[in-house]
1. Could you list all residues from the stretch 295-317 that are open to solvent by less than 30 Å² (accessible area, probe 1.4 Å) and among the acidic types (Asp, Glu)?
2. Taking only the stretch 210-223 into account, find how many residues are open to solvent by 10 Å² or more (accessible area, probe 1.4 Å) and in contact (Cβ under 8 Å) with a residue 40 or more places away in the chain.
3. Where residues in the stretch 262-283 are among the charged types (D, E, K, R) and part of a helix (DSSP H, G or I), which of them is nearest to Leu22 (Cα to Cα)?
4. With away from ligand 1 (no atom under 15 Å from the Cβ) and of a type outside the set (Phe, Trp, Tyr) as the only criterion, which of Lys243, Lys270 stands out?
5. Looking for something open to solvent by 20 Å² or more (accessible area, probe 1.4 Å) and more than 27 Å from Gly284 (Cα to Cα) - is there at least one such residue anywhere in the stretch 39-56?
Amino acid sequence: MTIQIRHDWTTEDIQALLELPLMDLLWQAQTVHRTANPGYQVQLASLLSVKTGGCQEDCSYCSQSIHNSSDISTFEAQMQVEPVLAKARAAKEAGAKRFCMGWAWREIRDGAPFELMLEMVRGVRSTGMEACVTAGMLTDQQAELLAKAGLTAYNHNLDTSPEYYSEVVSTRTYEDRLETLQRVRRAGVALCCGGIIGMGETLRDRASMLQVLANMNPHPENVPVNGLVAVGGTPLEKQKPFKSLELVRMVATARILMPYSRVRLSAGRKQLSREAQILCLQAGANSIFYGGVLLTTDNPAIDADRQLLADAGVQVN
Ligand code: SAM
Ligand code: DTB
Ligand code: SF4
């Protein structure tokens, strides 16, 4: 099979993939995956919330927004450099290859906290791990400084389709999101950009979000696929849980559209059975978040994940 890299997908093409009989979708996704990324190598990425809560944005899924009444929506001080690096070393010890750090910020501001962020990036890189940061919008200069500090990737998700976006967030626009992504690219830092399912969007919205991602040239190097974690105190707390097979379909379609990107099975794994997670790996997910917590919510325990990956017969890298 020859792999074709395309950036001209239509929403209809993508929706048709999402709607294929599951067996056909899985077959296509696996064929692409086995050709583009031989050997079922799964990257383990650990996450740490360096600055939790008190965020000015009103993302309706997020526990950390001051607009929501979740427990952690209030302000907490930013962690210091050494405790963050101690977590990074522990993650490496447990087998992680990437360390991702989150700041509940609308945007990065210059000053002491940003200097600490740069120091953390340098520190994580000096352990030999990849370093990823997610901290909202940034300027060209900040992106360049992060690149110079050795940042591997910057996470900034589209979350949903351009059409549905204003139902989910009102304090920023899709255009703001795309601009930040361009700044990160211009600075030469890899993109980590994906979205969430289960927020009340239609299948067409899912196709439309995947279209924006797949039509980026080059494709985002990392594509996190999240299932909504419905957190108490957020406007989405009563949302009907997403169906596991819908997450499998999202992963499979992302794999077909972006053959060489790292598709990361992200939030929502606690709600998936082991078998559904294995289907995601088979469909082309080649990374997971690893460690008992994501940013503020639970993730499967390390031992359970080790067992899962061994039972699936995939290689950890
Ligand atoms: N403030 C930064 C930003 O929004 O880019 C970084 C942190 S934010 C928590 C990172 C991403 O996590 C969000 O863009 C969203 O896609 C995902 N996320 C946050 N809360 C979630 C939830 N409850 N369920 C699923 N995904 C979630
Ligand atoms: C991503 O797409 N998912 C991660 C990471 N990138 C930063 C975050 C998931 C957060 C889930 C909710 C929480 O733990 O607060
Ligand atoms: Fe803030 Fe990010 Fe949460 Fe939105 S997703 S409220 S920007 S921390």
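1. Asp305
2. 7
3. Top of the filtered list is Glu275.
4. Lys243
5. Yes; the residues of the stretch 39-56 include at least one that is open to solvent by 20 Å² or more (accessible area, probe 1.4 Å) and more than 27 Å from Gly284 (Cα to Cα).
Okay, residues lined up against (1) surrounded by fewer than 14 Cβ atoms within 10 Å (Cβ to Cβ); (2) of a type in the set (S, T, N, Q); (3) not in a helix (DSSP H, G or I):
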site: Ile5; (1), (2), (3): yes, no, yes
site: Trp9; (1), (2), (3): no, no, yes
site: Cys62; (1), (2), (3): no, no, yes
site: His67; (1), (2), (3): no, no, yes
site: Gln78; (1), (2), (3): no, yes, yes
site: Lys92; (1), (2), (3): no, no, no
site: Cys100; (1), (2), (3): no, no, yes
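Condition check ((1) without any contact (Cβ under 8 Å) to a residue 60 or more places away in the chain; (2) open to solvent by 10 Å² or more (accessible area, probe 1.4 Å); (3) among the aromatic types (Phe, Trp, Tyr)) across all residues:
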| site | (1), (2), (3) |
| --- | --- |
| Cys132 | no, no, no |
| Arg172 | no, yes, no |
| Arg186 | yes, yes, no |
| Arg206 | no, yes, no |
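Table: residues versus (1) within 14 Å of ligand 2 (Cβ to nearest atom); (2) more than 30 Å from Lys87 (Cα to Cα); (3) outside any helix (DSSP H, G or I).
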site: Val223; (1), (2), (3): yes, no, yes
site: Asn226; (1), (2), (3): yes, no, yes
site: Gln239; (1), (2), (3): yes, yes, yes
site: Phe242; (1), (2), (3): yes, yes, yes
site: Arg249; (1), (2), (3): no, yes, no
site: Arg255; (1), (2), (3): no, yes, no
site: Tyr260; (1), (2), (3): no, no, yes
site: Pro300; (1), (2), (3): yes, no, yes
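The values are calculated or read from the model by the stated rules, or taken from the named source; none is laboratory data. Just so we're clear, the structure is a prediction, and the values are computed from it rather than from any experiment. Note that each Cβ is placed from the backbone with ideal geometry, even for glycine, and that neighbours are counted across all protein chains shown. Areas reflect the complete protein model, heavy atoms only, side chains present, ligands, DNA and RNA absent. Shrake-Rupley method; radii C 1.70, N 1.55, O 1.52, S 1.80 Å.
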